[in-house]
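First comes the structure, then the notes that go with it.
The values are calculated or read from the model by the stated rules, or taken from the named source; none is laboratory data. Note that the coordinates shown come from a computational prediction; the quantities given were computed from them, not determined experimentally. Note: ideal-geometry Cβ built from the backbone for every residue, glycine included; neighbour counts use all protein chains shown. Surface areas here come from the heavy atoms of the whole protein model, side chains and all, with no ligands, DNA or RNA. Shrake-Rupley method; radii C 1.70, N 1.55, O 1.52, S 1.80 Å.
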Amino acid sequence: MKRTNKLLPIRLYGDAILREKLAESDVNDLGLLALIPDLVYTMYERDGVGLAANQVGSHFRMFVIDPHWSREDLAPNPIVMINPVIESTEGEIVGEEGCISLPGIYADVHRAARITISYTNVEGNRQTKNAEGFEAVVIQHEYDHLDGIVFTDKIGTLAKLKLKRKLKDLAAKAVDGVNIMEDLPE
Ligand SMILES: [Zn+2]
């Protein structure tokens, strides 16, 4: 019988798990391996280009990305990164970011333009990848999640001031462990 993928509840800004620094995971953990297909499925269902495990309430140090995917024209090409380590960074790039855990919030974030990252893949092998531009941004955004950092932590003072109200409203609605995404306005 074919296993059915689960749409996992998304933890929203204000939920304590988004502030946790996740410890390195055992790559053979059955729970981790079981989570992967649901994590990937949930990213696509939420129209995301990246999703970290703590965004769905899990403590595994892992995320999935697919920076170039769009519902209309591209076949999925998810890359799962377990225990990732950013080995080096170079240059700077600024672009508008959003996050599945912060619906309706967008702001410019400064990131490294080029990175080298090592990680364990779904087969359990250690890999090294060079990324630049949008792909590098997506990886850095997801990597931050694993350290309990969200993109609004990295924006300028003025931008933060502008979003203060929205962030407060979001945090006020967040209940640890409860998916309330459906109740939020677009
Ligand atoms: Zn995010």
Open item on the list: I'm trying to understand the selection: among the residues of the stretch 66-93, which are open to solvent by 30 Å² or more (accessible area, probe 1.4 Å) and either polar (S, T, N, Q) or under 15 Å from residue 153 (Cα atoms) (or both)?
Closed with: 70, 77, 88, 89
- [ ] Return the total of residues in the stretch 122-165 being part of a helix (DSSP H, G or I) and either within 16 Å of the ligand (Cβ to nearest atom) or farther than 25 Å from residue 69 by Cβ (or both).
- [x] 26
- [ ] Enumerate the pairs (first residue in the stretch 145-160 and over 15 Å from residue 57 (Cα atoms) and basic (Lys, Arg); second residue anywhere and in a helix (DSSP H, G or I) and within 12 Å of the ligand (Cβ to nearest atom)) with beta-carbon separation below 8 Å, excluding pairs fewer than 6 apart on the same chain, so at least 6 apart or on different chains.
- [x] 154/144; 160/152
Open item on the list: I'm told residue 117 meets every condition in (1) part of a loop (DSSP other than H, G, I, E, B); (2) crowded, with 18+ Cβ neighbours inside 10 Å; (3) more than 15 Å from the ligand (Cβ to nearest atom) except one. Can you identify the failing condition by its number?
Closed with: (1)
Task: Matching residues in the stretch 1-29 - criterion: being at pLDDT below 95, open to solvent by 40 Å² or more (accessible area, probe 1.4 Å) and of a type in the set (A, V, I, L, M, F, W, C) - done: 1, 7, 16
- [ ] Out of 72, 90, 24, report the one residue that is over 25 Å from residue 111 (Cα atoms), out of contact with any helix residue (DSSP H, G or I) (no Cβ under 7 Å at 6 or more places or on another chain) and not polar (S, T, N, Q).
- [x] 72
- [ ] Taking the residues in the stretch 94-103 that are under 15 Å from residue 159 (Cβ atoms), surrounded by fewer than 20 Cβ atoms within 10 Å (Cβ to Cβ) and not hydrophobic (A, V, I, L, M, F, W, C) as candidates, determine which candidate is nearest to the ligand (Cβ to nearest atom).
- [x] 98
Open item on the list: When you scan the stretch 36-47, do you find a residue that is open to solvent by less than 30 Å² (accessible area, probe 1.4 Å) and away from the ligand (no atom under 16 Å from the Cβ), even just one?
Closed with: yes
Open item on the list: Exactly one of these conditions fails for residue 76: (1) more than 16 Å from the ligand (Cβ to nearest atom); (2) part of a loop (DSSP other than H, G, I, E, B); (3) closer than 19 Å to residue 15 by Cβ. Give me its number.
Closed with: (3)
